[in-house]
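Structure record follows, encoded as structure tokens.
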Amino acid sequence: MACATAACDERRAPVASLGYTPRQAERTVLHQVVRENLETFLATAARADPAGLPAFLEQEFRGFLDCGVWARGFARFQCDTCHAETLVPFSCKRRGFCPSCGGRRMAAGAADLVDHILPHVPIRQWVLSLPHALRYRLAWDHVLCRAVLTIYTRALLGFERRRGRRRGVVDGRSGTVTAIQRFGSGLQLNVHYHTLVLEGRRVCDRAGRHHALRSRSTPD
């Protein structure tokens, strides 16, 4: 492991300013609420429906309660140069509602998009919101969810292609990146799509030219 603190480099700031400080997961309000009410919630759900809560939802709750808790295990890291040691509690790596794992995945995904995937061209965000009845079905039908995404992105790319042709750009391609969000601002079930679209047409020649099409007319 490469040293990540200033203990190996006197030119850097003191260790206290750069060192790793583990979070106190068990002291957060969210952890306390879930810990104190989970069993009651599961029992209430079982009484309302003999099938009870879906297994994957219960796993999300229980995984969150173990996330960042020292008693559930930790990893030990040692610097190869200065031999300083750091202990890091295990994380749940869930995708449900753990704010720590969700925030880390969000930051890593955004950095990867900016550094390695998205070109330095104008980009616009589009959002597809759906009727309530369709939201509930998409939440359980992953095949249909992907099918809606395919139709949606095809429509966006077709829109950019037509705009390019109207401005004399008959060749080239655009591109999209989509994040499917499953809840609204009130944490209610609301499956919708956030999509980044390259504004314009990228011509696949040696120069890799990009024709930006940022101006929009009323019909657009």
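The values are calculated or read from the model by the stated rules, or taken from the named source; none is laboratory data. The structure presented is a predicted model; accordingly, all values stated were derived computationally and were not measured. Here Cβ is always computed from backbone atoms with ideal geometry, including for glycine, and neighbour counts include all displayed protein chains.
Can you name every residue in segment 171-193 that is of a type in the set (S, T, N, Q) and either surrounded by fewer than 17 Cβ atoms within 10 Å (Cβ to Cβ) or within 20 Å of residue 122 (Cβ to Cβ) (or both)? I'd like the intermediate steps shown before the answer.
Here is the first cut: in segment 171-193, the residues of a type in the set (S, T, N, Q) are 174, 176, 178, 181, 185, 188, 190.
Answer for segment 171-193, where residues must be of a type in the set (S, T, N, Q) and either surrounded by fewer than 17 Cβ atoms within 10 Å (Cβ to Cβ) or within 20 Å of residue 122 (Cβ to Cβ) (or both): 174, 176, 178, 181, 185, 188.
Can you tell me which residues in segment 134-148 are of a type in the set (A, V, I, L, M, F, W, C) and out of contact with any helix residue (DSSP H, G or I) (no Cβ under 7 Å at 6 or more places or on another chain)? It would help to see each step written out before you state the result.
Initial filter on segment 134-148 (of a type in the set (A, V, I, L, M, F, W, C)): 134, 138-140, 143-145, 147-148.
The answer is 134, 139, 140, 143, 147.
Mind checking which residues of segment 16-56 are free of Cβ contacts under 8 Å to residues at least 60 places away in the same chain, surrounded by fewer than 14 Cβ atoms within 10 Å (Cβ to Cβ), aliphatic (A, V, I, L, M) and outside any loop (DSSP other than H, G, I, E, B)?
16, 18, 29, 33, 43, 46, 48, 55
For segment 57-82, what are the residues that are in contact with a helix residue (DSSP H, G or I) (Cβ under 9 Å, 6 or more places away or on another chain) and outside any helix (DSSP H, G or I)?
If the condition is that a residue be in contact with a helix residue (DSSP H, G or I) (Cβ under 9 Å, 6 or more places away or on another chain) and outside any helix (DSSP H, G or I), then 67, 68, 69, 73, 79, 81, 82 are the ones that fit.
Check residue 169 against each of (1) assigned to a strand (DSSP E or B); (2) touching a residue at least 40 places away in the same chain (Cβ under 8 Å); (3) β-branched (Val, Ile, Thr) and name the one condition it does not meet.
With respect to (1) assigned to a strand (DSSP E or B); (2) touching a residue at least 40 places away in the same chain (Cβ under 8 Å); (3) β-branched (Val, Ile, Thr), residue 169 is out only on (1).
For segment 131-170, how many residues are over 21 Å from residue 200 (Cα atoms), of a type in the set (Val, Ile, Thr) and surrounded by 14 or more Cβ atoms within 10 Å (Cβ to Cβ)?
Adding up the residues that qualify gives 1.
Among all residue pairs at least 6 apart or on different chains, which show Cβ distances below 6 Å where the first residue, located in segment 62-85, is farther than 18 Å from residue 99 by Cα and not assigned by TED's automatic domain parsing to the domain that holds residue 39 and the second is polar (S, T, N, Q) and modelled with pLDDT under 90?
none
Could you figure out which of (1) assigned to a strand (DSSP E or B); (2) under 17 Å from the mean Cα position of the chain (by Cα); (3) more than 30 Å from residue 189 (Cβ to Cβ); (4) not hydroxyl-bearing (Ser, Thr, Tyr) isn't true of residue 125?
(3)
What number of residues within segment 111-125 satisfy the criterion of being surrounded by 11 or more Cβ atoms within 10 Å (Cβ to Cβ) and over 14 Å from residue 174 (Cα atoms)?
2
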